[in-house]
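Please treat every number below as a calculation from the coordinates, not as lab data. None of these values were measured; they are calculated from a predicted model. Cβ coordinates were reconstructed from backbone atoms using ideal geometry, including for glycine residues, and neighbour counts include every protein chain displayed.
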Amino acid sequence: MYNKIKKLNVICATLSGLVLLFVTFSMFVDVILRYFFNRPSIWVTEITTYLFLYIIFLGTAYALQEGMHIRVTFLLDRFNEKVIRIINLITALFAMIFSFVLLWETSEMTWYAFKENWTSPTMLNAPYAYIYVVMVFGSLLLFVTFLCDTALKFRAVTPEKETEKG
């Protein structure tokens with residue numbers, strides 16, 4: 001199962017990178033239109049703001065999978081390997097709780113946005129439900145990645161060994 005999650009994380013991270021390229025190009029074009037032709041677009045600022053949610057939530061689980069999240073480790077150097085493993089397990093459990101709460105809250109917010117037809121109070125009148133749904137998906141993927149990663153650590157199996165078995 002972890003291999004399937006890892007593949008999905010790679011796909012989402014790739015999609016996140018493509019969205020980042022689109023955002024960068026759109027902002028570049030908007031700057032050119034605004035300052036050289038005095039014709040700013042009406043959609044770039046709002047759309048790129050929403051797309052930043054996609055960039056963040058599609059890439060977070062992949063960052064976890066690859067160990068790219070920021071960690072403060074200077075205190076861990078003072079402990080032996082068994083204590084470090086226990087500390088990492090405890091922090092992973094707290095992180096799973098956080099990601100579950102994030103999943104719950106974003107699901108609830110997205111549900112209300114669908115149910116009550118929330119839209120942006122701008123000229124685009126964008127439906128928030130389609131903007132928020134990526135937060136639910138990304139939070140779910142983050143939670144499942146934490147769950148798999150923590151289960152492997154608890155069993156004292158590294159993700160690399162699990163990949164070799166799968």
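When the chain is treated as a GNM with alpha-carbon contacts under 10 Å, the residue of E46, E81, E108 showing the greatest mean-square fluctuation is E81.
Our coupling estimate for segment 33-39, obtained by passing each phi through the Karplus curve with A = 6.51, B = -1.76, C = 1.60 and θ = phi - 60°, is 4, 5, 8, 9, 10, 6, 10 Hz, Gly and Pro reported as x.
Each of V10, I87, T48 was scored by the projection of its Cα onto the charge dipole of the chain, and the greatest displacement toward the positive side belongs to I87; charges sit on the C-beta of Lys, Arg, Asp and Glu.
In the chain, the longest principal axis of the Cα atoms and the axis of helix 81-115 are about 30 degrees apart.
Each of V31, Y130, I97 was placed along the dipole of the chain (beta-carbon charges, centred on the mean Cα), and the one lying farthest toward the positive end is I97.
Residues whose amide H comes within less than 5 Å of that of T119, counting only those at least five positions distant or on another chain, are Y128 (H built at 1.01 Å from N in the peptide plane).
Could you give the dipole magnitude of segment 2-165 about its Cα centre, charging the beta-carbon of Lys and Arg +1 and that of Asp and Glu -1, in debye to the nearest 20?
Numbers: 14 positive and 12 negative charges, 77 e Å.
About 380 debye.
For the chain, the square roots a ≥ b ≥ c of the C-alpha gyration tensor eigenvalues yield an a/c of 1.5 or more together with a/b exceeding b/c, which makes the shape prolate. Using a cutoff of 8 angstrom between alpha carbon atoms and counting only pairs six or more residues apart, the relative contact order for the chain works out to 28 percent. The simple spin-label model puts a point 7 Å past each Cα toward its Cβ; for I11 and I97 those points are separated by 3.3 nm.
In this simple spin-label model, placing a label point 7 Å from the Cα along the Cα-to-Cβ direction at both T45 and L89 gives a separation of 5.2 nm.
Comparing mean-square fluctuations of T60, T122, T110 from a GNM of the chain with C-alpha springs under 10 Å, the top value falls on T122.
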